[in-house]
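What follows is a set of notes on a single structure, which appears directly below.
The values are calculated or read from the model by the stated rules, or taken from the named source; none is laboratory data. Nothing here was measured: the structure is a model prediction, and the numbers come from that model. Here the Cβ positions follow ideal geometry from the backbone for every residue, glycine too, while neighbour counts run over all protein chains shown.
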Amino acid sequence: MTFELRVVADSWRRRIDELVEATPGLVPVVKGNGYGLGRDLLAAEATRIGADLIAVGSYSEVPGALAAFGGDVLVLSPWRPFLSEAVLDPRVVHTLGRVDDVAALAERAPGARILLEGRTSMLRHGLDRHELAAAARAAEGLAVEGLSIHLPMEGGQLAEAQRWAGVLLASQIASDRLFVSHLTPAELDELRETRPQLSVRPRIGTRLWHGDGSELGVWASVLDVHPVRRGDRVGYRQRAMPRDGHIVIVEGGTSHSVGLEAPRAVTGAKDRAKSLAYGVMEAAGLALAPFAIGGRRTWFAEPPHMQASMLFLPAGTTPPEVGEAVPVTVRHTIASFDAVRFV
Ligand SMILES: *Cc1c(COP(=O)(O)O)cnc(C)c1O
């Protein structure tokens, strides 16, 4: 009985291979919950596609990456002098975004491999372009392996990448490598064409591991089914059910991320209209659940439990069989699965 991520292995690998083929210099990003697939699985996949370098998100992910992957490991989060868990290893490439930090690392770990990060319109980390000369001077004794930029997902990324490419070429940084994020294949081609002197290394996570999402599916086992009548009380909170129907117990609770939604930027009119149509259930205090039965979203009979959820299925929809798996919609990057299965 599981709450599992199923991956259609053939098409997933075929699509990854095509992207790798079309994207010279690709740096697979292997961070967080491994985009739902797990970092070790992605590290093995990065090995299969012949990557020389993977990128992890933070220093806490470095030891696992060094164990699971034989090549180099780039840390996306900048090295800071106060990071006690930072691993200084010849296979680790650090990202530096403050002049003082460059000097501190040069003193602490001569010969360490670094990228200097430029502060883009993202405004997350990095050096202002006027600070690059000072950073390059402070990096004496370190191995500077390129300039890194983190671009927003929307609006004018190519123009911004082109500007930084120019900055790198005019700088004292003794490397021709520009590490970028969030450019489309066409934008990458254009960047390479206009800046043939540079070696462009795109860091890609979501597009590489998820594609359009069609090769990945989340399934939950049905653990139990019980008929109920309108007014019957169920669950920890003994809430009255608004109609006749069934209670369906499925694998998948808060420990898997069920019931948690990553904040979304927009709540459109469509979402509001949809909830109007569902007014009866909402009036009864029920919330829409991410499990689908008979092709329809279902309702939580009460808030999800740690590892299972109680769903209310109104009469008229045939309940699933115990042991059957039902599809679930969750954000892969916040979910935690009992198993990842290649099918
Ligand atoms: C996460 C991350 C990426 C990869 O982002 P995706 O949208 O998953 O491709 C690239 N660069 C940096 C700095 C990141 O933090």
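For residues in region 186-213 being among the polar types (S, T, N, Q) and without any contact (Cβ under 8 Å) to a residue 40 or more places away in the chain, which is surrounded by the fewest Cβ atoms within 10 Å (Cβ to Cβ)? Don't jump to the end; show me each part of the working.
Residues of region 186-213 that are among the polar types (S, T, N, Q), as a first pass: 194, 197, 199, 206.
Next, from what is left, pick out any that are without any contact (Cβ under 8 Å) to a residue 40 or more places away in the chain: 194, 197.
Values: 194: 13, 197: 8.
Ranking the candidates gives 197 first.
I'd like to know if region 178-185 contains one or more residues that are part of a helix (DSSP H, G or I) and touching a residue at least 40 places away in the same chain (Cβ under 8 Å). Step through it out loud before you land on a result.
Our first condition is that a residue be part of a helix (DSSP H, G or I); within region 178-185, this holds for 185.
Restricting the remaining residues to those that are touching a residue at least 40 places away in the same chain (Cβ under 8 Å) gives 185.
Yes, region 178-185 contains at least one residue that is part of a helix (DSSP H, G or I) and touching a residue at least 40 places away in the same chain (Cβ under 8 Å).
Give the residues of region 162-187 that are within 22 Å of residue 56 (Cα to Cα) and among the hydrophobic types (A, V, I, L, M, F, W, C), sorted by residue number.
Of everything in region 162-187, those that are within 22 Å of residue 56 (Cα to Cα) and among the hydrophobic types (A, V, I, L, M, F, W, C) turn out to be 178, 179, 180, 183.
I'm checking my understanding of the structure. Among residues of region 148-167 that are in a helix (DSSP H, G or I) and touching a residue at least 40 places away in the same chain (Cβ under 8 Å), which one is farthest from the ligand (Cβ to nearest atom)?
The initial filter retains those residues of region 148-167 that are in a helix (DSSP H, G or I), namely 157-167.
If we keep only those that are touching a residue at least 40 places away in the same chain (Cβ under 8 Å) as well, we get 160, 164, 167.
Working: 160: 14, 164: 14, 167: 18 Å.
It comes out as 167.
Which count do you get for residues in region 286-332 that are farther than 19 Å from residue 235 by Cβ, among the hydroxyl-bearing types (Ser, Thr, Tyr) and either surrounded by 22 or more Cβ atoms within 10 Å (Cβ to Cβ) or in contact with a strand residue (DSSP E or B) (Cβ under 7 Å, 6 or more places away or on another chain) (or both)?
Looking only at that region, the number is 2.
If the requirement is being more than 15 Å from the ligand (Cβ to nearest atom) and surrounded by fewer than 19 Cβ atoms within 10 Å (Cβ to Cβ), which of these qualifies: 86, 9?
On the way: 86 fails: surrounded by fewer than 19 Cβ atoms within 10 Å (Cβ to Cβ).
Step by step, each of 86, 9 is checked, and only 9 is more than 15 Å from the ligand (Cβ to nearest atom) and surrounded by fewer than 19 Cβ atoms within 10 Å (Cβ to Cβ).
Six or more apart or on different chains, Cβ under 9 Å: which pairs go from a residue in region 65-82 that's farther than 18 Å from residue 150 by Cα and in contact (Cβ under 8 Å) with a residue 12 or more places away in the chain to one that's acidic (Asp, Glu) and part of a loop (DSSP other than H, G, I, E, B)? Could you list them?
Within 9 Å, the pairs are 66/89; 71/52; 72/52.
If a residue has to be outside any loop (DSSP other than H, G, I, E, B) and either loosely packed, with under 15 Cβ neighbours inside 10 Å or among the basic types (Lys, Arg) (or both) to count, how many in region 114-131 make the cut?
In the first step, residues of region 114-131 are kept if they are outside any loop (DSSP other than H, G, I, E, B); the result is 114-118, 127, 129-131.
Next, only the ones that are either loosely packed, with under 15 Cβ neighbours inside 10 Å or among the basic types (Lys, Arg) (or both) stay: 129-130.
Residues meeting the conditions: 2.
Of 255, 181, which residue is away from the ligand (no atom under 16 Å from the Cβ) and either at pLDDT below 95 or of a type in the set (Ser, Thr, Tyr) (or both)?
Details: 181 fails: away from the ligand (no atom under 16 Å from the Cβ).
The unique qualifying residue is 255.
Look at residue 147 and say whether it is modelled with pLDDT under 95 and closer than 14 Å to residue 74 by Cα. Write out each step before concluding.
On the way: modelled with pLDDT under 95: no; closer than 14 Å to residue 74 by Cα: yes.
Against the criterion (modelled with pLDDT under 95 and closer than 14 Å to residue 74 by Cα), residue 147 does not qualify.
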